[in-house]
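Chemist: Sharing a structure, written as structure tokens. Questions coming.
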Amino acid sequence: MMKLTNPLVIALAIGLTASAATAQDTAAPAADTATPAAETPAADAPAAAPEAPAADTAAPAAEAPAADGPGTTYIAETIGDWGIQCVRTESGNDPCQMYQLLKDADGNSVADISMFALPKGGKAVAGATIMTPLETLLTQNVVLKVDSSEPRVYPFTFCAQVGCFSRIGLTAEELAAYKKGNKVQLTVVPMVAPDKKVQLDISLKGFTAAYDKVAEMNADNQ
């Protein structure tokens, strides 16, 4: 049986958030692939010897991974406002996590969050990965507020092509607040407008059932 380790959870989180890259404009401009026309030989140039057939030296195109092969992600089910997203493995023991895409008032995808249970014995009982756009002002951190509770501040961990990530740990007390709450307000500050704050709601509808489901599914993979 495959053991779900922290690096795998982190890789899964990055892979799943990358699949929600609608928070970023990742389209690359089309390359100008037109080949310039060959020059016509001068009229007085000696006749060229007959050319030998050109060898087929083109390298075969790299085979794209199967749409449902190992390393691809899928939604196992949806519970409330949370999706249960998993990554396929060769063994079939697919690790999973909770996932929610966060949108602004205009319906634009801005950020996302994924959550999962952590191994027992540590101060943090649950982990979360939050992805925000690259244009986020990192020095202002990520602020999370469950309903009317005191806000908590978390630093960013790293940035990649798809966005910037904050990896956080939740204590048993904090996790209990999520299970009892209605929503979490996420606040970040855009780099281009440091005097403004972007506030997004993380729905907690279905949170407890989704969390318990993911914990059960991953326990079977250990």
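Chemist: Which count do you get for residues in the range 192-204 that are surrounded by 14 or more Cβ atoms within 10 Å (Cβ to Cβ) and outside any strand (DSSP E or B)?
Modeler: Of the residues in the range 192-204, the ones surrounded by 14 or more Cβ atoms within 10 Å (Cβ to Cβ) are 198, 200-204.
Now drop any that are not outside any strand (DSSP E or B), which leaves 204.
Qualifying residue count for the region: 1.
Chemist: Within the range 184-208, which residues are within 19 Å of Thr129 (Cβ to Cβ) and among the charged types (D, E, K, R)?
Modeler: Scanning the range 184-208 gives a single hit, Asp201.
Chemist: Looking at the range 64-88 only, could you name the residues that are in a loop (DSSP other than H, G, I, E, B) and at pLDDT 90 or above? So that I can check it myself, show each step before the final result.
Modeler: So in the range 64-88, the residues in a loop (DSSP other than H, G, I, E, B) come out as 64-72, 80-81, 88.
Matches in the range 64-88: Gly80, Asp81, Arg88.
Chemist: If Ala20 passes every condition in (1) modelled with pLDDT under 50; (2) out of contact with any Leu (no Cβ under 8 Å at 6 or more places or on another chain) but one, which one does it miss?
Modeler: Result: Ala20 passes all but (2).
Chemist: Tell me whether the range 198-209 contains one or more residues that are of a type in the set (A, V, I, L, M) and under 15 Å from Thr136 (Cβ atoms).
Modeler: Here is the first cut: in the range 198-209, the residues of a type in the set (A, V, I, L, M) are 198, 200, 202, 204, 209.
Narrowing further to those that are under 15 Å from Thr136 (Cβ atoms): 198, 200.
Yes, the range 198-209 has at least one match.
Chemist: Of the numbered conditions (1) modelled with pLDDT under 95; (2) over 21 Å from Pro95 (Cβ atoms), Glu216 fails exactly one; give the number of that condition.
Modeler: The one condition Glu216 does not meet is (2).
Chemist: Looking at the structure I just gave you, is Thr208 open to solvent by 20 Å² or more (accessible area, probe 1.4 Å), over 21 Å from the mean Cα position of the chain (by Cα) and free of Cβ contacts under 8 Å to residues at least 24 places away in the same chain?
Modeler: Numbers: open to solvent by 20 Å² or more (accessible area, probe 1.4 Å): yes; over 21 Å from the mean Cα position of the chain (by Cα): yes; free of Cβ contacts under 8 Å to residues at least 24 places away in the same chain: no.
No: the conditions fail for Thr208.
Chemist: Contact list please: Cβ distance under 8 Å, first residue in the range 56-84 and within 15 Å of Gln97 (Cβ to Cβ), second residue of a type in the set (Ser, Thr, Tyr) and at pLDDT below 80, pairs at least six apart or on different chains.
Modeler: Listed by first residue and then by second, the contacts come to Thr73/Ser19.
Chemist: Ok, one more. Residues that are crowded, with 19+ Cβ neighbours inside 10 Å and of a type outside the set (D, E, K, R): find the strands (runs of 3 or more DSSP E) completely inside the range 96-182 holding 2 or more of those.
Modeler: So the answer is 96-103, 109-117, 126-132, 142-146, 163-170.
Chemist: Give me the pairs, please: first residue somewhere in the range 123-147 and at pLDDT 95 or above, second residue anywhere and open to solvent by 40 Å² or more (accessible area, probe 1.4 Å) and among the basic types (Lys, Arg), beta-carbon distance under 6 Å, and either six or more positions apart or on two chains.
Modeler: Short answer, once both residue conditions are applied: Thr129/Arg167; Leu144/Arg152.
The values are calculated or read from the model by the stated rules, or taken from the named source; none is laboratory data. Note that the coordinates shown come from a computational prediction; the quantities given were computed from them, not determined experimentally. Note that we place each Cβ from the backbone using ideal geometry, even for glycine, and neighbour counts take in every protein chain shown. Only protein heavy atoms, including side chains, enter the accessible area calculation; ligands, DNA and RNA are left aside. Shrake-Rupley method; radii C 1.70, N 1.55, O 1.52, S 1.80 Å.
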